[in-house]
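The values are calculated or read from the model by the stated rules, or taken from the named source; none is laboratory data. From a predicted model like this one, the values you see are computed outputs, not experimental measurements. Quick reminder, even Gly has a Cβ in these numbers, built from the backbone with ideal geometry, and neighbours come from all protein chains shown.
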Amino acid sequence: MMKIKNIILKVSVTLSIAILMSCETSETQTVATLTNLVWADEFDTNGAPDSANWNLLTGDGSAQGIPGWGNNELQTYTDRPENVTVQDGVLIITAKEESFDGKSYTSARITTKGKLDQQYGRFEARIKLPAGKGVFPAFWLLGDDANGSLVWPEIGEIDIMEYLGDEPTTVFGTIHGPGYSGANSITKEYQILQDRFDSGFHVFGVEWTPNRINWYVDGDLYNSITPEDVNEETGGAEWVFNRPFHIILNVAIGGNLPGAPDSTTVLPQRMLVDYVRVYN
């Protein structure tokens, strides 16, 4: 597999956008204003993901007190190379159908918790997504738990990219917090035209500042949320995006969202990650 790096960063693209839900505006926003690279993994060394950057979670969430990882998912995560490895400059997370530790599916979930926990910045990754009913990859941020005194959704969650494998032209960006979590989360979709997210690499990112989170795909700004938007949408819920967050990459199978695989689902499926970069 030959790796092609996307070196040219889109840091000055501007668009007139409609902000989430009823908060429409003609204000012109900048996709990326934070350009000081402070952390990156280019996945240039074959083998396991760099342990200086990543933790490899295992199990079905039961050990963390959240069986099914909070979404009634069907997989167990492993640290085996069959599920997570770096080859030829690309991180590969593979979801498989197999009997393992009492589950019928395996996959991988990696995080930077304790290795990169950052408050504010531009977080982006270049990813080729898998496909298939019940396949649920994500690139997201989870808030610090303040030494165990806070739990989800009080800690906050920023979903940079989530995607349903049977809807290969659509991704969505979401936030979860107290009063706007789960089915009541604040979210917006992005639909690609004349292409599919499983047919090639695309850049997914957010730029997160104290008073705004912007989402973009390939330099196209499609979602922007402020504390005022959260207050208006929820009737006064707290903006909790004011603490360090860490990065998570995973491929789930089944769950409340997106539902179980069916007869059309072909496994294994792979999510390929060319790089992950963080700027401030």
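Structure above, values below:
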| quantity | calculated |
| --- | --- |
| Leading residue by the ranking (surrounded by the most Cβ atoms within 10 Å (Cβ to Cβ)) among those in segment 163-190 that are touching a Lys or Arg at 6+ places or on another chain (Cβ under 8 Å) and farther than 18 Å from residue 256 by Cβ | 173 |
| Subset of segment 163-181 that is touching a strand residue (DSSP E or B) at 6+ places or on another chain (Cβ under 6 Å) and assigned to a loop (DSSP other than H, G, I, E, B) - its residue that is nearest to residue 132 (Cα to Cα) | 165 |
| Output for segment 111-160, where each listed residue is closer than 25 Å to residue 94 by Cβ, outside any strand (DSSP E or B), touching a Lys or Arg at 6+ places or on another chain (Cβ under 9 Å) and not small (Gly, Ala, Ser) | 129, 130 |
| Inter-residue pairs, beta-carbon under 6 Å, first within 18 Å of residue 67 (Cβ to Cβ) and touching a residue at least 24 places away in the same chain (Cβ under 8 Å) and in segment 99-127, second assigned to a loop (DSSP other than H, G, I, E, B) and hydrophobic (A, V, I, L, M, F, W, C), 6+ apart | 105/74 |
| Among the residues listed as 204, 197, 241, 245, the single one being in contact with a helix residue (DSSP H, G or I) (Cβ under 9 Å, 6 or more places away or on another chain), aromatic (Phe, Trp, Tyr) and crowded, with 20+ Cβ neighbours inside 10 Å | 241 |
| Test: residue in segment 222-229 that is touching a Cys at 6+ places or on another chain (Cβ under 7 Å), among the acidic types (Asp, Glu) and more than 27 Å from residue 87 (Cβ to Cβ) | yes |
| Residue in segment 162-176 that is touching a helix residue (DSSP H, G or I) at 6+ places or on another chain (Cβ under 9 Å), closer than 18 Å to residue 248 by Cα and of a type outside the set (D, E, K, R) present | yes |
| In segment 250-266, the residues that are of a type in the set (A, V, I, L, M) and either touching a helix residue (DSSP H, G or I) at 6+ places or on another chain (Cβ under 6 Å) or buried (at least 18 other Cβ atoms within 10 Å of the Cβ) (or both) | 251, 252, 253 |
| Of the criteria (1) under 21 Å from residue 59 (Cα atoms); (2) touching a residue at least 40 places away in the same chain (Cβ under 8 Å), which one residue 160 fails | (1) |
| Pairs where the first residue, in segment 67-88, is at positive phi and the second is assigned to a loop (DSSP other than H, G, I, E, B), C-beta under 6 Å, 6+ apart | 68/61; 69/61; 72/255; 72/256; 88/1; 88/3 |
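Residues are listed down the side, and each one gets a yes or a no for (1) within 24 Å of residue 205 (Cα to Cα); (2) at pLDDT below 95:
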{"residue": "29", "(1), (2)": "yes, yes"}
{"residue": "32", "(1), (2)": "yes, yes"}
{"residue": "38", "(1), (2)": "yes, no"}
{"residue": "44", "(1), (2)": "yes, no"}
{"residue": "49", "(1), (2)": "yes, no"}
{"residue": "54", "(1), (2)": "yes, no"}
{"residue": "62", "(1), (2)": "no, no"}
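Matching residues to (1) closer than 30 Å to residue 212 by Cβ; (2) surrounded by 16 or more Cβ atoms within 10 Å (Cβ to Cβ):
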site	(1), (2)
73	no, yes
81	no, no
84	no, yes
95	no, yes
114	yes, no
126	yes, yes
131	no, yes
